[in-house]
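Colleague: What follows is a single structure, and I will ask about it in a moment.
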Amino acid sequence: MSEQRVHFYQVGSFAVGNRLLSADDRTVQSSPHRTNSIDSGHRACQGCGEALGARYALDAAMRATNGQLLAVNATGCLEVFSTPYPETSWRIPWLHSLFGNAPAVATGVAAAMRVKGRSDVRVIGQAGDGGTVDIGFGTLSGMFERNDDVLFICYDNEGYMNTGVQRSAATPPAARTATTDVVGAEPGNGFGQGKDLPRIAMAHDIPYVATATVADLHDLERKVERAMSFRGARYLHVFVPCPLGWGSASNDTIHLARLAKETGLFPVFEAEHGVVTNVSRIRRLAPVEEYLKLQRRYAHLFGAKGRPDIVARLQAIADANIARYGLAPERGELDNREDA
Amino acid sequence: MERPFAITLDVGTSRANHTGSWRVERPVYVDRLPPCNDACPAGENIQGWLYEAESGGYEAAWRKLVENNPLPAIMGRVCFHPCESACNRVQVDEAVGINAVERFLGDTAIEHGWSLPAAGPDTGKRVLVVGAGPAGLSAAYHLRLLGHQVRLVDSSPKLGGMLRYGIPAYRLPRAILDAEIARITDMGVEVVANHTVHDIDAERREGGFDAVFLAVGAQLGKRVNIPAGDSSKVIDAVSFLHQVADEDPPMLGRRVIVYGGGDTALDAARTARRLGATDAVIVYRRNRDKMPAHAEEVEQALGEGVTVRWLSTVERFENERLVLEKMRLNADGFPEPTGEYEELDADSLVLALGQDTDLSLLEGNDNVEVRDGVVQVATTMMTNEGGVFAGGDAAPSDRTATVAVGHGKRAARGIDAYLRNVDFVSGDRHDLATADHLNTWYYADAPRTERPELERIRRQTNFEEVIGGLTEENALFEARRCLSCGNCFECDNCFGVCPDNAVIKLGGDVKYVFNYDFCKGCGICVRECPCGAIEMVPELI
Ligand SMILES: Cc1ncc(C[n+]2csc(CCOP(=O)(O)OP(=O)(O)O)c2C)c(N)n1
Ligand code: SF4
Ligand SMILES: [Mg+2]
């Protein structure tokens, strides 16, 4: 008991930093000396979750590798908003080739480093969800299958945002996109389609697979660091809300990421060699409505002509995740869902 | 030029692109008024001193505390802590144990012999403070800080007023009281004890005082007409407690009835128990919900074997028989007689029906306005007569020690403004840091630490202190439970969550600044600030 008390620091491990913690126990982001892998002046929208997620992940990787890092980027928002010719926001070595080939290019860079005897230089491949689960999937699966020494990071904003919010195989059911209009019996994106890439990655038995959100920085940084402690193919799937594509307020980006986890809609876990080793349990369980209502892409589910039946189906997905990964909060009294 | 690994070409940095021009609203750092500070009658900067205590800076915390209240060890025992009732932490779990930390700081200061700041440079002005209770002591302290000379007079042999003669030692040990009073008088206060002021104008004139502060308290127990036989022992609670404090307790017998429902009634009953009463019975005309006494005091009294007759009034007291009439509450919650009576065996009756102020020292003065038995004052605490100020129980007040301390401070500042012939300015109050400004997600779950209580059995026979203090470890834990409502505590959230790296971390007093060249105005920093210390304001376009 007394030990727990001296370790209590007001905002515990939830906030970015804490003046009461030693520098080692704070996040990379709390340091004025962080890399800022993506610099100011980039053209991402106000409140962009992807810009944030990428800085979080890459700054952590820079610390984990002592600055010996190269990043390969697929086409997509992250690439476009960071490098409009003749400017760049990248403060790390960075390479862009095509939309669909980032895993293959990353494999090649890693091979080149090995040949040059620079195996201390680590390689990250990164892409949006479209570049990962759709067009880049073949090369990614090959990279996994060959166990190439690359950490591949997917920044999942649940759609092809850069080209105007089209559906991807990571777009959730019922969400409106430019290509899934709100018409018919199942308005928005259909149910039962799409790909759950973290589980597909696990099926490749690669050393490390993890999911994270921009709402839990300590967790995200720890996972990047853990990933860098392995050699071989690793996969990190980061949930990054998109104010423009989702029709949410720009200041709600982190709040939405937190709700995605706290509803159970986005399970946060990690797995080694195909086996789940750790899950982030829900702390303040929330009903899916709380998350959905903040986004205009789900507006057709609410109001006078709302679709409570569809909301219930989305709740069922969240509940299934909670059951599958064992995400239920530790103490029952924290359950504040009305129907619970 | 030194380039990062593998960078060979000069590239144009995106810093050329000032995205701040996209912004329609800008974040600005603000200080909001924490609800605890807002509720503190003594005007303490509670959040401020907790902040110092959080990092173990107890002396800095204590120094910040005594800027407003020179009696923390006393207040940490007797204050009814309206701060805790207002504390936002109830939204997370339970209120911060502010009072317990205050006491810890007060006790630590006494232990280490920390002294109050030195008196201010002499102004040559002389102020007479009449009454050395909490209001008078607080005024003397603040007047000395401001450089005025102070003569503090009191009719009792020792200083402290109701702190000494009203509050029993099991709530406030005398060593603590003496230590905190001595610290104030050591600042160069001229003390005249055993001196009753009969004519304030004469006293002022003869002593050549530039101003006077009346803090004579409310020392007269209210009497009501209760038919009582000659042999019946009837005493008012104020006199009773005063005599006990003088170590000359009256003989009340084994069956003591206390009439009244305030804190004084409880003090009297609990004291009677300690003096050997087997029955200490409180008679109160309304029910427990309506009792003006503080709930925790009631709880403690009941735990010590005090019993209460609710909804009863005393009809008469004859031949060791006390006749009570039963009451019932009408629709408006007022007690009305039922015509039903019952009898109790009793050796004595203690009346705790409120207190009046003895203002005979104002006889002959037609300027100072007395209404409803108390001296009327302006916001500066000045009466209608220039240079005559009043506060504490003698002025309109909730009549708690903490209110009195606040009055003393305000009066000192009022007197200072009067003596320097400048306008009295009360500091502007920031917007209140209400709970809806907080993002409580970030605060770790941490239930409150309660102070240890003396075992019940030991409380029935002696005047040992009932409530213990916190250990250092627990006090630190408790201080860290503070949410720092409305005031930055350097959690780095704004610095971390900005997608545009538009927050610059400086540390030191400035902590952070916004880089408006790049801030796009998304507002995430405001949303994710745990304590509500940032706000969005529209850009003037
Ligand atoms: C082969 C090819 N097809 C289509 C495109 C057009 N394109 C560029 S980015 C993009 C969508 C990117 O979506 P995602 O990978 O999810 O990244 P986001 O922009 O959402 O971050 C598309 C379709 C392209 N550049 N190359
Ligand atoms: S949490 Fe701290 S600042 Fe907020 S009201 Fe409570 S004690 Fe005051
Ligand atoms: Mg996408």
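Colleague: Of the residues in the stretch B:313-358, how many are under 28 Å from residue B:274 (Cα atoms) and either within 32 Å of the chain's Cα centre (by Cα) or of a type in the set (Val, Ile, Thr) (or both)?
Modeller: Within the stretch B:313-358, residues that are under 28 Å from residue B:274 (Cα atoms) and either within 32 Å of the chain's Cα centre (by Cα) or of a type in the set (Val, Ile, Thr) (or both) number 11.
Colleague: Another one. Go through the stretch B:35-55 and report how many residues are more than 23 Å from residue B:379 (Cα to Cα) and of a type outside the set (A, V, I, L, M, F, W, C).
Modeller: 6
Colleague: Condition first: open to solvent by 10 Å² or more (accessible area, probe 1.4 Å) and over 19 Å from the mean Cα position of the chain (by Cα). Now tell me which residues in the stretch A:122-151 satisfy that.
Modeller: Applying the first criterion (open to solvent by 10 Å² or more (accessible area, probe 1.4 Å)) to the stretch A:122-151 yields A:122, A:128, A:134-135, A:137-139, A:141-142, A:145-149.
Result: A:122, A:138, A:139, A:142, A:145, A:146, A:147, A:148, A:149.
Colleague: Return the pair list, or none, for Cβ contacts closer than 7 Å from residues in the stretch A:35-59 that are at the interface with chain B (Cβ under 7 Å from one of its Cβ atoms) to residues that are charged (D, E, K, R) and part of a loop (DSSP other than H, G, I, E, B), at least 6 apart or on different chains.
Modeller: A:36/A:91; A:39/A:91; A:40/B:500; A:46/B:520
Colleague: Do we find that residue B:140 is assigned by TED's automatic domain parsing to the domain that holds residue B:394, of a type in the set (Gly, Ala, Ser), open to solvent by 10 Å² or more (accessible area, probe 1.4 Å) and under 21 Å from residue B:42 (Cβ atoms) in this structure? Outline the logic, then answer.
Modeller: Values: assigned by TED's automatic domain parsing to the domain that holds residue B:394: yes; of a type in the set (Gly, Ala, Ser): yes; open to solvent by 10 Å² or more (accessible area, probe 1.4 Å): no; under 21 Å from residue B:42 (Cβ atoms): yes.
Considered against the rule, which asks whether it is assigned by TED's automatic domain parsing to the domain that holds residue B:394, of a type in the set (Gly, Ala, Ser), open to solvent by 10 Å² or more (accessible area, probe 1.4 Å) and under 21 Å from residue B:42 (Cβ atoms), residue B:140 comes out as no.
Colleague: Still on this structure, please answer the following. Consider residue B:461 against the criteria (1) at pLDDT 90 or above; (2) part of a loop (DSSP other than H, G, I, E, B); (3) outside the structural domain of residue B:210 (by TED's automatic domain parsing): it satisfies all of them except one. Which criterion is unmet?
Modeller: Looking at each condition in turn, residue B:461 falls short on (1).
Colleague: A further question on this structure: In the stretch B:254-263, is there at least one residue being assigned to a strand (DSSP E or B), over 26 Å from residue B:66 (Cβ atoms) and either among the small types (Gly, Ala, Ser) or open to solvent by 10 Å² or more (accessible area, probe 1.4 Å) (or both)? Steps first, please.
Modeller: Step one: list which residues in the stretch B:254-263 are assigned to a strand (DSSP E or B), which gives B:255-259.
If we keep only those that are over 26 Å from residue B:66 (Cβ atoms) as well, we get B:255-259.
With the extra rule that they be either among the small types (Gly, Ala, Ser) or open to solvent by 10 Å² or more (accessible area, probe 1.4 Å) (or both), the set shrinks to B:255, B:259.
Yes, the stretch B:254-263 contains at least one residue that is assigned to a strand (DSSP E or B), over 26 Å from residue B:66 (Cβ atoms) and either among the small types (Gly, Ala, Ser) or open to solvent by 10 Å² or more (accessible area, probe 1.4 Å) (or both).
Colleague: Could you tell me which numbered condition residue A:86 fails, if it satisfies all but one of (1) facing chain B (nearest Cβ under 8 Å); (2) touching a Leu at 6+ places or on another chain (Cβ under 6 Å); (3) without any contact (Cβ under 8 Å) to a residue 40 or more places away in the chain?
Modeller: (2)
Colleague: Looking at (1) more than 10 Å from every other protein chain (Cβ to nearest Cβ); (2) modelled with pLDDT of 95 or more, which is the one condition that is false for residue A:24?
Modeller: Going through the list (1) more than 10 Å from every other protein chain (Cβ to nearest Cβ); (2) modelled with pLDDT of 95 or more, residue A:24 breaks only (2).
Colleague: Among the residues of the stretch B:426-447, are any of a type in the set (Lys, Arg), more than 16 Å from ligand 3 (Cβ to nearest atom) and surrounded by 12 or more Cβ atoms within 10 Å (Cβ to Cβ)?
Modeller: First pass over the stretch B:426-447, keeping only residues of a type in the set (Lys, Arg): B:429.
Within this subset, residues satisfying the condition of being more than 16 Å from ligand 3 (Cβ to nearest atom) are B:429.
Add one more test, that the residue is surrounded by 12 or more Cβ atoms within 10 Å (Cβ to Cβ), and what stays is none.
The answer is no, given that none of the residues of the stretch B:426-447 is of a type in the set (Lys, Arg), more than 16 Å from ligand 3 (Cβ to nearest atom) and surrounded by 12 or more Cβ atoms within 10 Å (Cβ to Cβ).
Colleague: It is to be established whether one or more residues within the stretch B:74-85 are of a type in the set (D, E, K, R), open to solvent by 10 Å² or more (accessible area, probe 1.4 Å) and within 14 Å of the chain's Cα centre (by Cα).
Modeller: At the first step, the residues of the stretch B:74-85 found to be of a type in the set (D, E, K, R) are B:77, B:84.
Next, only the ones that are open to solvent by 10 Å² or more (accessible area, probe 1.4 Å) stay: B:77, B:84.
Filter once more, keeping what is within 14 Å of the chain's Cα centre (by Cα): B:77, B:84.
Yes: the stretch B:74-85 contains one or more residues that are of a type in the set (D, E, K, R), open to solvent by 10 Å² or more (accessible area, probe 1.4 Å) and within 14 Å of the chain's Cα centre (by Cα).
Colleague: Can you tell me how many residues in the stretch A:60-83 are outside any helix (DSSP H, G or I), surrounded by fewer than 24 Cβ atoms within 10 Å (Cβ to Cβ) and more than 10 Å from chain B (Cβ to nearest Cβ)? Before you say what the answer is, go through the steps one by one.
Modeller: So the first thing to find is which residues in the stretch A:60-83 are outside any helix (DSSP H, G or I), and the list is A:65-76, A:83.
In the following step, the residues that additionally are surrounded by fewer than 24 Cβ atoms within 10 Å (Cβ to Cβ) were identified as A:65-68, A:70, A:75, A:83.
Going one step further and asking which of them are more than 10 Å from chain B (Cβ to nearest Cβ), we end up with A:65-66, A:75.
So the count comes out to 3.
Colleague: Find the residue count for the stretch A:215-224, including only residues that are part of a loop (DSSP other than H, G, I, E, B) and either away from chain B (no Cβ under 11 Å) or among the β-branched types (Val, Ile, Thr) (or both).
Modeller: Qualifying residue count for the region: 0.
Colleague: Counting only residues that are farther than 23 Å from residue A:215 by Cβ and part of a strand (DSSP E or B), which one in the stretch B:489-518 is most open to solvent (accessible area, probe 1.4 Å)?
Modeller: B:506
Colleague: If you go through the stretch A:229-239 one residue at a time, do you hit one that is in a loop (DSSP other than H, G, I, E, B), on the phi > 0 side of the Ramachandran plot and either within 16 Å of ligand 1 (Cβ to nearest atom) or without any contact (Cβ under 8 Å) to a residue 12 or more places away in the chain (or both)? Even if it seems obvious, please write down each step before you answer.
Modeller: Start the filter on the stretch A:229-239 by keeping residues that are in a loop (DSSP other than H, G, I, E, B), which leaves A:229-233.
Within this subset, residues satisfying the condition of being on the phi > 0 side of the Ramachandran plot are A:232.
Narrowing further to those that are either within 16 Å of ligand 1 (Cβ to nearest atom) or without any contact (Cβ under 8 Å) to a residue 12 or more places away in the chain (or both): none.
Within the stretch A:229-239 (the criterion being in a loop (DSSP other than H, G, I, E, B), on the phi > 0 side of the Ramachandran plot and either within 16 Å of ligand 1 (Cβ to nearest atom) or without any contact (Cβ under 8 Å) to a residue 12 or more places away in the chain (or both)), the answer is no, since none of the residues qualifies.
Colleague: Out of (1) over 38 Å from the mean Cα position of the chain (by Cα); (2) farther than 21 Å from residue A:37 by Cβ; (3) touching a residue at least 24 places away in the same chain (Cβ under 8 Å); (4) more than 7 Å from chain A (Cβ to nearest Cβ), the odd one out for residue B:521 is which?
Modeller: Failing condition for residue B:521: (4).
Colleague: Just checking, does the stretch B:487-506 include any residue being touching a Pro at 6+ places or on another chain (Cβ under 9 Å), away from ligand 1 (no atom under 16 Å from the Cβ) and without any contact (Cβ under 8 Å) to a residue 12 or more places away in the chain?
Modeller: yes
Colleague: Taking the stated definitions as given, is residue A:197 out of contact with any Gly (no Cβ under 8 Å at 6 or more places or on another chain) and crowded, with 21+ Cβ neighbours inside 10 Å? First the steps, then the outcome.
Modeller: Working: out of contact with any Gly (no Cβ under 8 Å at 6 or more places or on another chain): yes; crowded, with 21+ Cβ neighbours inside 10 Å: yes.
Criteria met by residue A:197.
Colleague: Those residues that are under 17 Å from residue B:173 (Cα atoms), β-branched (Val, Ile, Thr) and open to solvent by 40 Å² or more (accessible area, probe 1.4 Å), I need them from the stretch B:86-125; list them, please.
Modeller: Going through the stretch B:86-125, the residues under 17 Å from residue B:173 (Cα atoms) turn out to be B:99-100, B:102-111.
Those left that are additionally β-branched (Val, Ile, Thr): B:108, B:110.
Across the stretch B:86-125, the qualifying residue is only B:110.
A quick yes/no check of all residues on (1) facing chain B (nearest Cβ under 10 Å); (2) away from ligand 3 (no atom under 16 Å from the Cβ); (3) surrounded by fewer than 24 Cβ atoms within 10 Å (Cβ to Cβ):
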| position | (1), (2), (3) |
| --- | --- |
| A:213 | no, no, no |
| A:226 | no, yes, yes |
| A:232 | no, yes, yes |
| A:238 | no, no, no |
| A:251 | yes, yes, yes |
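Colleague: Related question: Out of (1) more than 14 Å from every other protein chain (Cβ to nearest Cβ); (2) within 16 Å of ligand 1 (Cβ to nearest atom); (3) touching a Phe, Trp or Tyr at 6+ places or on another chain (Cβ under 8 Å), the odd one out for residue A:188 is which?
Modeller: (2)
Colleague: Can you tell me which residue in the stretch B:471-481 is nearest to ligand 3 (Cβ to nearest atom), limited to those that are of a type in the set (A, V, I, L, M, F, W, C) and open to solvent by 10 Å² or more (accessible area, probe 1.4 Å)?
Modeller: Taking the stretch B:471-481 and keeping what is of a type in the set (A, V, I, L, M, F, W, C), we get B:475-477, B:479.
Filter once more, so that each one left must be open to solvent by 10 Å² or more (accessible area, probe 1.4 Å): B:476-477.
Working: B:476: 46, B:477: 45 Å.
Residue satisfying both the conditions and the ranking: B:477.
Colleague: Can you find, within the stretch A:97-121, the residue that is surrounded by the most Cβ atoms within 10 Å (Cβ to Cβ) among those that are within 16 Å of ligand 1 (Cβ to nearest atom) and more than 12 Å from residue A:70 (Cβ to Cβ)?
Modeller: We begin by selecting, within the stretch A:97-121, every residue within 16 Å of ligand 1 (Cβ to nearest atom); these are A:97-106.
Narrowing further to those that are more than 12 Å from residue A:70 (Cβ to Cβ): A:97-104.
Numbers: A:97: 16, A:98: 14, A:99: 20, A:100: 19, A:101: 22, A:102: 33, A:103: 28, A:104: 20.
Only one residue fits best here, namely A:102.
Colleague: Regarding residue B:316, is this residue in contact (Cβ under 8 Å) with a residue 40 or more places away in the chain and part of a strand (DSSP E or B)?
Modeller: So residue B:316 passes the test.
Colleague: Going through the stretch A:148-185 one residue at a time, which ones are more than 16 Å from ligand 1 (Cβ to nearest atom) and at positive phi? Spell out how you get there, then give the answer.
Modeller: Residues of the stretch A:148-185 that are more than 16 Å from ligand 1 (Cβ to nearest atom), as a first pass: A:148-151, A:173-174, A:181-185.
Those that are more than 16 Å from ligand 1 (Cβ to nearest atom) and at positive phi: A:174, A:184.
Colleague: Restricted to the stretch B:524-541, and to residues that are part of a strand (DSSP E or B) and among the aliphatic types (A, V, I, L, M), which residue is farthest from the other protein chains (Cβ to nearest Cβ)? Explain how you work it out, then say what you get.
Modeller: Of the residues in the stretch B:524-541, the ones part of a strand (DSSP E or B) are B:534-538.
Of the ones still in play, those that are also among the aliphatic types (A, V, I, L, M) are B:534, B:536-537.
Working: B:534: 11, B:536: 8, B:537: 14 Å.
Among residues in the stretch B:524-541 that are part of a strand (DSSP E or B) and among the aliphatic types (A, V, I, L, M), the one farthest from the other protein chains (Cβ to nearest Cβ) is B:537.
Colleague: Determine which member of the set A:264, A:245, A:306 is more than 24 Å from residue A:203 (Cβ to Cβ), buried (at least 23 other Cβ atoms within 10 Å of the Cβ) and among the small types (Gly, Ala, Ser).
Modeller: Working: A:264 fails: more than 24 Å from residue A:203 (Cβ to Cβ); A:306 fails: buried (at least 23 other Cβ atoms within 10 Å of the Cβ).
Result of the check over A:264, A:245, A:306: A:245.
The values are calculated or read from the model by the stated rules, or taken from the named source; none is laboratory data. Since the model is a prediction, treat every value here as computed from it, not as a measurement. All Cβ positions, glycine included, derive from the backbone under ideal geometry; neighbour counts span all protein chains shown. What goes into the accessible areas is simple: the full protein's heavy atoms, side chains included, and nothing from ligands, DNA or RNA. Shrake-Rupley method; radii C 1.70, N 1.55, O 1.52, S 1.80 Å.
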